[in-house]
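Below is one structure, written out as structure tokens, with a few remarks after it.
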Amino acid sequence: MPKNAMLIDVSRCIACRACQVSCKQWNRLPAVKSSFAGSYENPSGLSSATWRHVRFRETVEKGEVKWRFLSFGCMHCKDASCVFVCPVPGALTRRDDGTVYLDEQKCTGCKYCISACPFGVPHYDDAKGKVYKCNLCADRTANGLQTACAKTCPSEAIRFGDRDSLIKDAKAGGKKIYGENELGGLSVMYVLQESPSFYGLPDKPAMPVTTAFWKKVLKPLGYIGVSATVAAIILHYIAIGPKRYKGGE
Amino acid sequence: MPTIERHTTKERGVHAVHAISFIILLLTGIGLYDKSFFGITKLFGGVDLSRFIHHWIGVVFIISLFLMYFQWKGEAAVFDKDDKEWLRVFGGYLGKDVKAPPAGKFNAGQKMFFKMIFWAGILFGITGIIMWIPQILALPKIIVQLSYILHDMILIGLVMGVLAHVYLGTLANPGTISSLLTGQVDEQWARHHHEKWFKQVIKKGR
């Protein structure tokens, strides 16, 4: 099955934030009241009502201002930590088309995914008691449409399409891709101008060690420990038996 | 057969509330341990109700823990030479004819379990609150991640401990369970299992 993907060439981004707006419009997300924090960046980051957000990075190097933008949202990892830790069957799933889909109806708001995501994407909505994030416009892509943010991007910084051909195109242009192989391959990839950490992206994204220990080591240890206890009890009862006292039955 | 009172109604009540809240917490919480356990949440009317019950029974669990702590901490604080020896021979549980040294109202194993329960319960509560309202506490993500790990570690340790505790209180030691049901135990049982305590009770006069 061909994989849906987005390739975001940040050098083409003009920070118009149309992606932010179209995402809100298509997904019917309310505007969030924000306050000025010394940057054109607004709001300050992703939230349960903001699934796509343009990060602004402004620095001065050798007397010259460097202004960089990163349209950021869920990365739709192949080996998604959120899907791995989600305890609810069907609430967070990695679909065959490359979408990491969060089913609002099934989400119970346990927030495990929030602690597991290496990119800090899922956010909890206190009023609704559920977690929200970008679903790669699954309702659009299922009908042959591209994602709202890609559709609206006026400078073609965000391109939606078949993953393999997006990668091929970028490589033909001699560009280095962030996310081609990270975490098994992300469905949202970047062509960056600076190092990933400059934009606040992990250089080598991975499942947090704590999450891996919790679910890959501790969980099986729990089964072993409890089974061993039960086995020891049965063994004790058979081999040594109950302590009876004189005069007792 | 003559009996003596081992636990007062209040003592048994506190223990029962704590034990029942533990079982409710286990059943309402275990649904999130693994996807294959998720169906257990239906037992309490779905995951939302399970969570609600889990949170507030958690409060009951902690309150009853403190009540239990205060009612038994006196007896549990004693730790003498006999207790040391008791631990050395594992209370005589590892052989058919091993004699365990005389115990007070509680034996060394019960005292250790009591302390374990107390500290585990406190950590259960702290990590539980962190997981309950992380967005309000606004702690660093690593604290929340460590809380998940700690909460599960305590869970595993306590389930193992409680299984042993229940076994020792029922099948392994006939005559023990009545101390929780009626509060009365057979005198001979008391003499056998808690000799020093038995002598104290007799001395005080019934």
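The values are calculated or read from the model by the stated rules, or taken from the named source; none is laboratory data. What you see is a predicted model; the values in this text were computed from it and never measured. Positions of Cβ are backbone-derived with ideal geometry, glycine not excepted, and every protein chain shown enters the neighbour counts.
Scanning region A:192-235 for residues that are crowded, with 17+ Cβ neighbours inside 10 Å, more than 7 Å from every other protein chain (Cβ to nearest Cβ) and part of a helix (DSSP H, G or I) gives A:PRO196, A:TYR199, A:LYS215. Listed by position, the strands (runs of 3 or more DSSP E) inside region A:66-172 whose residues that are surrounded by 14 or more Cβ atoms within 10 Å (Cβ to Cβ) and outside the structural domain of A:ILE8 (by TED's automatic domain parsing) number at least 2 are A:92-94, A:100-102, A:123-125, A:130-132.
If I filter region B:71-102 down to residues being touching an Asp or Glu at 6+ places or on another chain (Cβ under 7 Å) and assigned to a loop (DSSP other than H, G, I, E, B), which single residue comes out as surrounded by the fewest Cβ atoms within 10 Å (Cβ to Cβ)? Among those residues, the one meeting the criterion is B:PRO102.
Among the residues that make up region B:87-107, is at least one of them within 30 Å of B:SER147 (Cβ to Cβ) and without any contact (Cβ under 8 Å) to a residue 60 or more places away in the chain? I'd like the intermediate steps shown before the answer.
Step one: filter region B:87-107 for residues within 30 Å of B:SER147 (Cβ to Cβ), giving none.
No: region B:87-107 contains no residue that is within 30 Å of B:SER147 (Cβ to Cβ) and without any contact (Cβ under 8 Å) to a residue 60 or more places away in the chain.
Can you pull out the residues in region B:169-182 that are more than 7 Å from chain A (Cβ to nearest Cβ) and either in a helix (DSSP H, G or I) or surrounded by 17 or more Cβ atoms within 10 Å (Cβ to Cβ) (or both)? Please lay out each step first, then the result.
Initially, region B:169-182 is screened for residues more than 7 Å from chain A (Cβ to nearest Cβ), giving B:169-170, B:176-182.
Those that are more than 7 Å from chain A (Cβ to nearest Cβ) and either in a helix (DSSP H, G or I) or surrounded by 17 or more Cβ atoms within 10 Å (Cβ to Cβ) (or both): B:GLY169, B:THR176, B:SER178, B:SER179, B:LEU180, B:LEU181.
Against the criterion of being farther than 20 Å from B:ALA120 by Cβ, assigned to a helix (DSSP H, G or I) and in contact with a Phe, Trp or Tyr (Cβ under 6 Å, 6 or more places away or on another chain), B:ILE53 qualifies.
Would you call B:GLN188 surrounded by fewer than 18 Cβ atoms within 10 Å (Cβ to Cβ), in contact with a Pro (Cβ under 9 Å, 6 or more places away or on another chain) and in a helix (DSSP H, G or I)?
Values: surrounded by fewer than 18 Cβ atoms within 10 Å (Cβ to Cβ): yes; in contact with a Pro (Cβ under 9 Å, 6 or more places away or on another chain): yes; in a helix (DSSP H, G or I): yes.
It is true that B:GLN188 is surrounded by fewer than 18 Cβ atoms within 10 Å (Cβ to Cβ), in contact with a Pro (Cβ under 9 Å, 6 or more places away or on another chain) and in a helix (DSSP H, G or I).
If you check A:VAL121 against the conditions, is it within 19 Å of A:ARG55 (Cα to Cα), within 14 Å of chain B (Cβ to nearest Cβ) and β-branched (Val, Ile, Thr)?
Numbers: within 19 Å of A:ARG55 (Cα to Cα): yes; within 14 Å of chain B (Cβ to nearest Cβ): yes; β-branched (Val, Ile, Thr): yes.
The answer is yes for A:VAL121.
Consider only pairs whose beta carbons are under 6 Å apart and that are at least six residues apart or on different chains; among these, list those whose first residue lies in region B:28-42 and is within 10 Å of another protein chain (Cβ to nearest Cβ) and free of Cβ contacts under 8 Å to residues at least 24 places away in the same chain and whose second residue is among the β-branched types (Val, Ile, Thr) and surrounded by 22 or more Cβ atoms within 10 Å (Cβ to Cβ). Every condition considered, the pairs that remain are B:GLY31/B:THR41; B:THR41/B:VAL47. Of all residues in region B:121-168, those being β-branched (Val, Ile, Thr) and more than 10 Å from chain A (Cβ to nearest Cβ) number 6.
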